[in-house]
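The values are calculated or read from the model by the stated rules, or taken from the named source; none is laboratory data. Not measured: the values here are computed from a predicted model. Cβ coordinates were reconstructed from backbone atoms using ideal geometry, including for glycine residues, and neighbour counts include every protein chain displayed. Surface areas here come from the heavy atoms of the whole protein model, side chains and all, with no ligands, DNA or RNA. Shrake-Rupley method; radii C 1.70, N 1.55, O 1.52, S 1.80 Å.
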Amino acid sequence: MVLKNLKSGWAAMLLKLIGIGLFIYILSRIDRAAVWETVRGANPLLLALSFALLFVSYIFKTLRWHTLVHAAGLKPTFADSWRLFHIGIFFGNMTPSNAGEIVRVAYLRRDGLHGGTGVAVTIIDRLFDVVIIAVLGLHGIGVILGGRIFLIAVGILVAALVIMAISWRWMRRIIDRAHWLSFIPKLRHTDTALMLILSSLGAWICYFAWTITLGTALGIWLPLHLWVAILTLTGVISALPISPSGLGTRDATLLTLLGFYDAASPA
């Protein structure tokens, strides 16, 4: 058992090294003087706006987390939810696929929530992003990779939805029997559902606005639909569990996709 755990630990470490190795390779190949000149020539107002948009996106994500925790039975203040959400962000940034966010469960248990409920809250919080990125990912595939691959991706998504629909009755039985999942039906209440949907959309709109504003400040110009496609596919690739917080994989994917287009400033 100990040997098995050691092997799995080494495997996880080697996977992390893939992304780190990519990042080091990228740093060794870039023209650092040109990068510094680009940063020096950046539009300061757009840079400030981009960071403000990033901050707002985290407010929306915290609001979604806050809503889920309240539905689960705890009554933290928004300030408490803000702290716990960012504790998860901190640990998530150090682990592949942001798996470290599960540390929030320990804090929820400390406050009296069942451990299974805490895990469910954390998973559902991530699922909202998964659903949005799946839909936007289809758009990205269609724009960048072409119609045939787009149709294949649509087929896979439809098959997944059919499987979920077929298995819903079985899942419903599990929810009814597991007392620690009793909060899930509350998520269907109009006010709660609306808050979860709007906060998720607000977070993603701010995310795209942040990245596009930052790119524009640095002199990168692309049509909106290309920005959305590139950023979505970059997000999908960076979610692979081969680097801490997408380090290296995100950079390599973004550089590759931007390289397909003339993204230089028209000026």
**Study point:** Residues located in the stretch 106-131, provided they are open to solvent by less than 70 Å² (accessible area, probe 1.4 Å), closer than 17 Å to Thr62 by Cβ and not acidic (Asp, Glu)
**Key:** Leu108, Gly118, Val121, Thr122, Ile124, Phe128
Exercise for review: Considering (1) farther than 25 Å from Val228 by Cβ; (2) surrounded by 14 or more Cβ atoms within 10 Å (Cβ to Cβ); (3) small (Gly, Ala, Ser); (4) in contact (Cβ under 8 Å) with a residue 24 or more places away in the chain, say which one Ser81 fails and leave the rest.
Suggested key: (4)
Review point. Right, Thr253: assigned to a helix (DSSP H, G or I), modelled with pLDDT of 70 or more and over 30 Å from Leu74 (Cα atoms) or not?
Key: yes
Exercise for review: Filter the stretch 181-215 for residues that are surrounded by 19 or more Cβ atoms within 10 Å (Cβ to Cβ) and more than 21 Å from Ile132 (Cβ to Cβ) and give the result.
Suggested key: Phe183
Point to revise | Among (1) modelled with pLDDT under 95; (2) farther than 25 Å from Thr211 by Cβ; (3) within 24 Å of the chain's Cα centre (by Cα); (4) of a type outside the set (Val, Ile, Thr) - the single one Lys75 does not satisfy | key: (3)
Review point. Do the conditions hold for Gly116, that is, is it in a loop (DSSP other than H, G, I, E, B) and under 24 Å from His189 (Cβ atoms)?
Key: no
Check your understanding: In the stretch 40-52, what residues are within 26 Å of the chain's Cα centre (by Cα), of a type outside the set (Gly, Ala, Ser) and either within 17 Å of Trp221 (Cβ to Cβ) or open to solvent by less than 60 Å² (accessible area, probe 1.4 Å) (or both)?
Key -> Leu46, Leu47, Leu49
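May I ask you to say which residue of Phe55, Phe60 is buried (at least 16 other Cβ atoms within 10 Å of the Cβ), closer than 29 Å to Leu254 by Cβ and in contact with a Cys (Cβ under 9 Å, 6 or more places away or on another chain)?
Phe60
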Study note, to complete from the structure: Counted residues in the stretch 216-243 being β-branched (Val, Ile, Thr) and either modelled with pLDDT under 80 or open to solvent by 30 Å² or more (accessible area, probe 1.4 Å) (or both) come to 5
Review point. Residue check: is Ile132 under 20 Å from Val236 (Cβ atoms), touching a residue at least 60 places away in the same chain (Cβ under 8 Å) and either in contact with a Pro (Cβ under 9 Å, 6 or more places away or on another chain) or part of a helix (DSSP H, G or I) (or both)?
Key: yes
